[in-house]
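I have placed the structure first, in the form of structure tokens, so that the comments after it can refer back to it.
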Amino acid sequence: MERTGSAVCEWCGAELPERQGRGRKRKFCSSSCKQRAYEQRNAVEGSSIPADAVILRPEKACELRDRLFELRCAAEDIATAHSEGAQAGEIAGLCEELVAMARRIERLRYEG
């Protein structure tokens with residue numbers, strides 16, 4: 001899993017440190033993330049749930065939906081500001097807020 005040239009943990013999405021020397025590329029940022037990924041793979045084994053399925057508790061799904069709504073609203077704010085002829089500085093500030101919001105959404109982690 002690669003984002004903007006940096007490797008990220010396959011479980012939580014945290015950025016992985018640059019690899020030093022030889023060997024396999026790291027997939028997980030910690031032994032805890034590696035263990036959680038193993039547990040999830042084994043939990044779905046033998047069931048009708050696909051191995052690559054993402055399972056969320058209802059409240060986590062609701063939280064994600066709310067954050068994505070906020071992200072869309074922030075993007076719409078930028079479009080509105082642009083169409084109303086806002087100054088570059090104002091649009092830049094809105095863009096910074098949008099990027100920060102997207103980063104927070106990316107960091108949503110599994111919380112057993």
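Residue pairs whose Cβ atoms lie under 6 Å apart, separated by 6 or more positions or on different chains, with the first residue in the stretch 42-54 and assigned by TED's automatic domain parsing to the domain that holds GLY13 and the second part of a loop (DSSP other than H, G, I, E, B), are VAL44/ALA51.
Counting the residues of the stretch 63-112 that are farther than 30 Å from ARG36 by Cα and either hydrophobic (A, V, I, L, M, F, W, C) or in contact with a Phe, Trp or Tyr (Cβ under 9 Å, 6 or more places away or on another chain) (or both) gives 13.
Based on what the data block shows, is ILE105 β-branched (Val, Ile, Thr) and not assigned by TED's automatic domain parsing to the domain that holds CYS12? Yes. The residue that is modelled with the lowest pLDDT, among those in the stretch 1-38 that are over 20 Å from ILE105 (Cβ atoms), surrounded by 11 or more Cβ atoms within 10 Å (Cβ to Cβ) and not polar (S, T, N, Q), is ARG19. Against the criterion of being surrounded by 12 or more Cβ atoms within 10 Å (Cβ to Cβ), in contact with a Leu (Cβ under 8 Å, 6 or more places away or on another chain) and basic (Lys, Arg), LYS60 qualifies.
If only one of ARG107, ARG72, ARG67 is free of Cβ contacts under 8 Å to residues at least 40 places away in the same chain and either closer than 23 Å to CYS9 by Cβ or of a type in the set (D, E, K, R) (or both), which one is it? Let's see the steps before the verdict.
Values: ARG107 fails: free of Cβ contacts under 8 Å to residues at least 40 places away in the same chain; ARG67 fails: free of Cβ contacts under 8 Å to residues at least 40 places away in the same chain.
Just one listed residue meets the conditions, ARG72.
The values are calculated or read from the model by the stated rules, or taken from the named source; none is laboratory data. If you're wondering where the values come from, they're calculated on a predicted model, not measured in any experiment. Heads up, the Cβs are rebuilt from the backbone with ideal geometry, glycines too, and the neighbour counts pull from every protein chain shown.
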